[in-house]
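One structure is given below, encoded as C-alpha cells.
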Amino acid sequence: MPTGAGSSPTFPALGIGMDSCVIPLRHGGLSLVQTTDFFYPLVEDPYMMGRIACANVLSDLYAMGITECDNMLMLLSVSQSMSEEEREKVTPLMVKGFRDAAEEGGTAVTGGQTVVNPWIIIGGVATVVCQPNEFIMPDSAVVGDVLVLTKPLGTQVAVNAHQWLDNPERWNKVKMVVSREEVELAYQEAMFNMATLNRTAAGLMHTFNAHAATDITGFGILGHSQNLAKQQRNEVSFVIHNLPVIAKMAAVSKASGRFGLLQGTSAETSGGLLICLPREQAARFCSEIKSSKYGEGHQAWIVGIVEKGNRTARIIDKPRVIEVLPRGATAAALAPDSSNASSEPSS
C-alpha cells in the first residue's frame, strides 16, 4: 500500500487503488480524505440522477467508515445535442438532486464546474479533514471474518431491462422470464437503492468493529472484492456464497446472455458497502441497519467469509441467489421462493 512521505503507522496513507485517497497533513495528526467520481446518466429522471451521482461520490468516503463530509464540488457536463429548452429544464433538476443528497449527507456543494460536451456527464468531488479514529483503513480483515453487503445487486440489469421495454429485439430475449410490471418494479427499486446514501452503514462500521470495506460499483462484486483482498495485511481470501439480487434480475441476466450478474462481474452504480466484520458482530449489524430508527430502505445480508489465503476473492460455483423483493411488490407477484432475510453462508 503506498504511503506518503513522513507517514507512520499512526498516520496511515492510502493512494490510488482503493475508494478514497488518505493523505496525512502537516497539521496536528489530521488526514485529508478525498474522492472523485463521475458517470453518464442511467435513469430517466434528472432529479434522481443528481441524487444518485451525489450518493455515488459520497459512497467512497462511507466505504472508509467516514460519516461526515466537509465539502463537495459538482462536475456537470451538459450535452450540446440538447435543445436550449431541454437544458433549462434538465440542468436545474440534476443540480437540485445532487444538492439535496449532499444536504441529506450533512454537507454542502460549494462549487464545481459545468461545461457543454457531446455527452451528459455528472459527478463530483468529496473532501473531508479528519482524525485517525474517524476512518477505518481497508486492510485489517482476519480469518473468520464475515462479509456483509448493504444493497442488493442488479442495478445495471434493472436499468437496461427497463430500456429494453421499448426495444422489441432485446425484450424478446427476456420476456419469457420477466413481465413488464416486474421490470418496472425492479427499475424503481434500483433507482431508490442507487439514491440511498451508505452513511448509516458507515456509522455502523464503527459500532460493530469493521476490519475493512469497499463499495460495490463499476467492477461488480467480484472485482471490488478482489481489489479489497489485495489490500489486506494478513494472508486472507474472500469467498462469496450468497448473492442478494433485485428480484428477477438474475433470470434476466442469464436469459440476455449479458452482464455476468451471477459471476459477480456485472457493473453496479452507487451499490452497497461490502464490509468485513467479526463473525459475532455480523448478524447484529444486519439486524441493526434494518431497524426503524434509521428510516426505510436500509438492508444487509451476510454474503461470504474470510478464510486463509493469498489475498484473492472468488464466488463459489453455485452461489445462493437471494431474491430481494422491490418495495411495493407483493410476494405473490414475484418468485415464490423470494427471501429478504440475512443468512449465514454455507460452503
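The values are calculated or read from the model by the stated rules, or taken from the named source; none is laboratory data. All values derive from a computational prediction rather than experimental measurement. Here the Cβ positions follow ideal geometry from the backbone for every residue, glycine too, while neighbour counts run over all protein chains shown. These area figures cover heavy atoms from the full protein model, side chains too; ligands, DNA and RNA do not enter into them. Shrake-Rupley method; radii C 1.70, N 1.55, O 1.52, S 1.80 Å.
Answer yes or no as to whether residue 42 is in contact with a helix residue (DSSP H, G or I) (Cβ under 9 Å, 6 or more places away or on another chain) and at pLDDT below 95.
yes
Please go through (1) at pLDDT below 95; (2) open to solvent by 30 Å² or more (accessible area, probe 1.4 Å) for residue 137 and return the number of the only condition it doesn't satisfy.
The one condition residue 137 does not meet is (2).
When residue 271 is evaluated against the numbered criteria (1) in a loop (DSSP other than H, G, I, E, B); (2) within 28 Å of residue 144 (Cα to Cα); (3) open to solvent by 10 Å² or more (accessible area, probe 1.4 Å); (4) not β-branched (Val, Ile, Thr), which criterion, by number, is the only one it fails?
Exception for residue 271: condition (3).
Against the definition (surrounded by 14 or more Cβ atoms within 10 Å (Cβ to Cβ) and over 17 Å from residue 40 (Cβ atoms)), how does residue 150 come out, yes or no?
For residue 150, the condition - surrounded by 14 or more Cβ atoms within 10 Å (Cβ to Cβ) and over 17 Å from residue 40 (Cβ atoms) - is met.
Do you know which residues across the stretch 101-133 are open to solvent by less than 20 Å² (accessible area, probe 1.4 Å) and part of a loop (DSSP other than H, G, I, E, B)? Talk me through it step by step, then tell me what you get.
Let us first name the residues in the stretch 101-133 that are open to solvent by less than 20 Å² (accessible area, probe 1.4 Å), namely 101-102, 105, 107, 122-124, 126, 128, 130.
Across the stretch 101-133, the qualifying residues are 105, 107.
Mind checking which residues of the stretch 164-196 are buried (at least 16 other Cβ atoms within 10 Å of the Cβ) and either closer than 30 Å to residue 277 by Cα or of a type in the set (S, T, N, Q) (or both)?
Answer for the stretch 164-196, where residues must be buried (at least 16 other Cβ atoms within 10 Å of the Cβ) and either closer than 30 Å to residue 277 by Cα or of a type in the set (S, T, N, Q) (or both): 186, 188, 189, 190, 191, 192, 193, 194, 195, 196.
Looking at the stretch 234-244, is at least one residue under 21 Å from residue 197 (Cα atoms) and out of contact with any Gly (no Cβ under 7 Å at 6 or more places or on another chain)?
yes
This table checks each residue for (1) open to solvent by 50 Å² or more (accessible area, probe 1.4 Å); (2) outside any helix (DSSP H, G or I); (3) among the hydroxyl-bearing types (Ser, Thr, Tyr).
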site	(1), (2), (3)
22	no, yes, no
27	yes, yes, no
32	no, yes, no
38	yes, yes, no
44	yes, yes, no
55	no, no, no
58	no, no, no
65	no, yes, no
68	yes, yes, no
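Exactly one condition in (1) open to solvent by less than 10 Å² (accessible area, probe 1.4 Å); (2) assigned to a helix (DSSP H, G or I); (3) hydrophobic (A, V, I, L, M, F, W, C) is not met by residue 48; state its number.
Unmet for residue 48, out of (1) open to solvent by less than 10 Å² (accessible area, probe 1.4 Å); (2) assigned to a helix (DSSP H, G or I); (3) hydrophobic (A, V, I, L, M, F, W, C): (1).
Do we find that residue 322 is surrounded by 15 or more Cβ atoms within 10 Å (Cβ to Cβ) and in contact with a helix residue (DSSP H, G or I) (Cβ under 8 Å, 6 or more places away or on another chain) in this structure? Before the answer, list the steps.
On the way: surrounded by 15 or more Cβ atoms within 10 Å (Cβ to Cβ): yes; in contact with a helix residue (DSSP H, G or I) (Cβ under 8 Å, 6 or more places away or on another chain): no.
No; evaluated as a whole, the condition is false for this residue.
Of the residues in the stretch 268-294, how many are in contact (Cβ under 8 Å) with a residue 24 or more places away in the chain and within 25 Å of residue 190 (Cα to Cα)?
17
With respect to residue 199, determine if the residue is within 17 Å of residue 56 (Cβ to Cβ), open to solvent by 10 Å² or more (accessible area, probe 1.4 Å), of a type in the set (D, E, K, R) and assigned by the TED database to the domain that holds residue 289.
Yes, satisfied.
Looking only at residues in the stretch 291-310 that are open to solvent by less than 80 Å² (accessible area, probe 1.4 Å) and part of a loop (DSSP other than H, G, I, E, B), which one is nearest to residue 230 (Cα to Cα)?
Across the stretch 291-310, the extreme among qualifying residues is 309.
Scan 91, 35, 127 and give me the residue that is on the phi < 0 side of the Ramachandran plot and under 17 Å from the mean Cα position of the chain (by Cα).
From the options 91, 35, 127, the qualifying one is 35.
Can you tell me how many residues within the stretch 212-238 are farther than 23 Å from residue 59 by Cα, touching a Lys or Arg at 6+ places or on another chain (Cβ under 7 Å) and of a type outside the set (Ser, Thr, Tyr)?
2
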